[in-house]
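Just so you know, all these numbers are worked out from the coordinates, no wet-lab data involved. Everything quoted here is computed from the prediction, not taken from an experiment. Cβ: placed from backbone, ideal geometry, glycine included. Neighbour counts: every protein chain shown.
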Amino acid sequence: MNIDELLLTAELAQLELTESESVALAEAVSQMVDYFARMQEVDVDGLPPTTHALLTENRLRPDTVRESTLADNLLESAPDVEDRFVVIPNVL
C-alpha cells in the first residue's frame, strides 16, 4: 500500500494523521500485507478448519446432580424473608 492509498483510506475513515503517523502506519500496513501474502503460500489442503490452534477437543466436565444448600444459607442470612423471597424496604 503506498502512502497515497493510505492517506485516502484515512480520510474516508475520518482520521487525521500527522506526517510521522502516516509514515509509521504505511510501514505497518506494508508489513501486514507482506505477512498475509506469505500466509497465502502455505499449503492448507486437507487440513480441517479449527477455531483454536492448540485445542483438539472441548474441555467439558460431566454434568452431575448435587445437593446444594447455598440458597438456604443465603436466605438464612437475609434480614427479612417471606415465602423464600428476600424482603426489601420500599424505595418509592
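Let me check I've understood the local charge: for residue 85, count other residues with C-beta under 14 angstrom from its C-beta, Lys and Arg +1, Asp and Glu -1. What total comes out?
Overall, the nearby charge balance is -4.
From the square roots a ≥ b ≥ c of the eigenvalues of the alpha-carbon gyration tensor of the chain, which class results: rounded (a/c under 1.5), prolate (a/b over b/c), or oblate?
oblate
If you take the beta carbon distance between residue 40 and residue 5 as r and set R0 to 22 Å, what does 1/(1 + (r/R0)^6) give as a FRET efficiency, to the nearest 0.05?
My answer for the efficiency is 0.65.
Residue 81's amide H: which non-local residues (gap 5+, or another chain) put their own amide H closer than 5 Å, with H modeled 1.01 Å from N in plane and none for Pro or chain starts?
87
Using each residue's phi in the stretch 65-73, evaluate 6.51 cos²θ - 1.76 cosθ + 1.60 at θ = phi - 60° and report the 3J(HN,Hα) Karplus result to the nearest Hz, with x for Gly and Pro.
In residue order, the calculated couplings are 7, 9, 6, 9, 10, 4, 5, 5, 5 Hz.
Express in nm, to one decimal, how much length is gained between residue 76 and residue 59 on full extension, taking 0.36 nm for each residue of separation and deducting their alpha carbon distance.
Length gained between residue 76 and residue 59: 2.5 nm.
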